[in-house]
Amino acid sequence: MPKERRVIEYIEWTTIPYRTLRFWIIVVLAVVFGVGLWFINKYGIAVGGKSTDAQPEVLEKRAAQFTYLDGDVKVKPLDSLEWVAADKVERLYPGDLVRTGANSSCRVVFFDGTIYEVKSNSLVSILESYENPSNLTRSVNVELATGALDLSTYQKNTPQSRTKVETANTVADVGSNTRASATYDDRLKDTGLKVSQGQAAVTSKETRDSMVVRGNESVNVQDGAMQKRTLPPGPILLAPLTSEIFSAKDPERVNIRFQWQVVNATHSYRVAISNHPQFYQKLFERVVTGKDSLTVSGLAYGNYYWRVTAIDSNNVEGYPSATSMFGIRPQKLNPSESIRFDLTEIVVIGNILEVIGRTDPDNLLTINGRMVILEKDGTFKHFTDPFARGAEARLEIVIKDYSGAVRRINKTIKMD
């Protein structure tokens, strides 16, 4: 009997170590995630996801931009590992980070007209800057990781449009025509929000509790608890007048009387004087009780800014007043016709004007009542507040020199 022939097939296996396999899985996932993140950042976020014949709606990304930089301001773009100087960045998009150093600040304007003014020692992340082209709904949102910022909004173009500011424990949905300020202490995990005009709906991320904060109100959020207060309004400043000049042979002997309008139910007032409009360093600060004026002397020649904050009987401080500016100059005769002022260029940016020019560096310059910061050589670049769309923009430029002589220039620009 013949022997049965058996064929045995051998399959050669290659053994792959577990660590190598895990490494390549991580690499593939990272590549997929990176491509998806790049697609979202470049083309926006697709809304929907249901299987339908209709094309999904896409939120188109819109740019924000700096209109003011002061000091050490850095940006970390989404697609970069490095921090770069803010003056090298023309546009800001979702995912970008903005950081301000000591005695530094910046102003960021979004496409919907929202303005965020980031204070010193702050870190901000741009979360949203999108528009839905199908219904023109707009979404603007920033996260304050630490520090402080002021913001102002204008009339929303649709009821569904949103402007927000977030911290680690709070989100605030800010209404139209609202002015507010936010702070976040990342050490204490404490969020503070003040509203001077308009309203904001504030929600605790921990408890989901919400409340509406209106003009001259504030709320603090910590450990899920929300505490709301009524704030005293900012006093109206009466004297010195904006851009007023005091001339003297000896500046330190000049007595300057600061006066403001009394605020009802106010216990005291905090008077502050600085040589910088952001009050990085206060040259003078004093709390005055039961009075509406204060006389100060001993200031050297220079330009100064001052403001007053009302304090109620519970020691709650309200919003500071508007900032006013004055100067102390040596005595000198100089007719207004000789005041130097060169208007180099006016650039229309949406509904904002960028005014570029030059004057003597020791002059006082205002445009539409807003103080203009001059460089050491007298040059300046100033961004106006937003004008109504489609209307004519009127500029009132006022220059004052050492002697108090005044030169006024009026311009009308078509906002096409």
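The values are calculated or read from the model by the stated rules, or taken from the named source; none is laboratory data. Keep in mind the model is a prediction, meaning the values are calculated, not measured. Positions of Cβ are backbone-derived with ideal geometry, glycine not excepted, and every protein chain shown enters the neighbour counts.
Could you list all residues from segment 142-162 that are more than 24 Å from Lys189 (Cβ to Cβ) and part of a strand (DSSP E or B)? Reasoning before the result, please.
So the first thing to find is which residues in segment 142-162 are more than 24 Å from Lys189 (Cβ to Cβ), and the list is 152-162.
Listed by number, the residues that qualify are Ser152, Arg162.
Give the residues of segment 154-168 that are touching a residue at least 24 places away in the same chain (Cβ under 8 Å), surrounded by fewer than 24 Cβ atoms within 10 Å (Cβ to Cβ) and either outside the structural domain of Thr100 (by TED's automatic domain parsing) or polar (S, T, N, Q) (or both), sorted by residue number.
Within segment 154-168, Asn157, Gln160, Ser161, Thr167 qualify.
Looking only at segment 206-245, filter to residues that are assigned to a strand (DSSP E or B) and within 30 Å of Pro330 (Cβ to Cβ); which one of those is nearest to the chain's Cα centre (by Cα)?
Let us first name the residues in segment 206-245 that are assigned to a strand (DSSP E or B), namely 210-214, 217-222, 225-230, 237-239, 244-245.
Next, only the ones that are within 30 Å of Pro330 (Cβ to Cβ) stay: 237-239, 244-245.
Working: Leu237: 24, Leu238: 28, Ala239: 28, Glu244: 28, Ile245: 30 Å.
Once the filter is applied, the top-ranked residue is Leu237.
From the list Glu285, Glu244, exactly one residue is exposed (fewer than 13 other Cβ atoms within 10 Å of the Cβ) and not polar (S, T, N, Q). Which is it? Show your work before the answer.
Numbers: Glu244 fails: exposed (fewer than 13 other Cβ atoms within 10 Å of the Cβ).
Answer to the check: Glu285.
Name the residues in segment 169-196 that are surrounded by 15 or more Cβ atoms within 10 Å (Cβ to Cβ) and among the aliphatic types (A, V, I, L, M), would you?
Residues satisfying the conditions are Val171, Ala172, Val174, Ala180, Ala182, Leu193, Val195.
May I ask you to say which residue of Gln199, Gln278, Gln259 is surrounded by fewer than 17 Cβ atoms within 10 Å (Cβ to Cβ) and either closer than 14 Å to Pro320 by Cα or modelled with pLDDT of 95 or more (or both)?
Numbers: Gln199 fails: surrounded by fewer than 17 Cβ atoms within 10 Å (Cβ to Cβ); Gln278 fails: surrounded by fewer than 17 Cβ atoms within 10 Å (Cβ to Cβ).
From the options Gln199, Gln278, Gln259, the qualifying one is Gln259.
Pull out all pairs, ordered by first then second residue, where Cβ-Cβ is under 8 Å, the residues are six or more apart or on different chains, the first lies in segment 72-94 and is under 21 Å from Glu128 (Cβ atoms), and the second is polar (S, T, N, Q) and surrounded by fewer than 18 Cβ atoms within 10 Å (Cβ to Cβ).
Correct list of pairs: Leu78/Asn41; Asp79/Asn41; Glu90/Gln65; Arg91/Gln65; Leu92/Gln65; Tyr93/Asn41; Pro94/Asn41.
Considering (1) more than 30 Å from Gly302 (Cβ to Cβ); (2) under 21 Å from the mean Cα position of the chain (by Cα); (3) hydroxyl-bearing (Ser, Thr, Tyr), say which one Ser274 fails and leave the rest.
Against the list (1) more than 30 Å from Gly302 (Cβ to Cβ); (2) under 21 Å from the mean Cα position of the chain (by Cα); (3) hydroxyl-bearing (Ser, Thr, Tyr), Ser274 comes up short only on (1).
Here is a yes/no grid of residues against (1) in contact with a strand residue (DSSP E or B) (Cβ under 6 Å, 6 or more places away or on another chain); (2) at pLDDT 95 or above:
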position: Ser247; (1), (2): yes, no
position: Val254; (1), (2): yes, no
position: Tyr269; (1), (2): yes, yes
position: Gly290; (1), (2): no, no
position: Thr295; (1), (2): yes, yes
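Between Thr170, Thr183, Thr203, which is closer than 23 Å to Thr100 by Cβ and out of contact with any Gly (no Cβ under 8 Å at 6 or more places or on another chain)? Before you say what the answer is, go through the steps one by one.
Details: Thr183 fails: out of contact with any Gly (no Cβ under 8 Å at 6 or more places or on another chain); Thr203 fails: closer than 23 Å to Thr100 by Cβ.
Going through Thr170, Thr183, Thr203 in turn, the sole match is Thr170.
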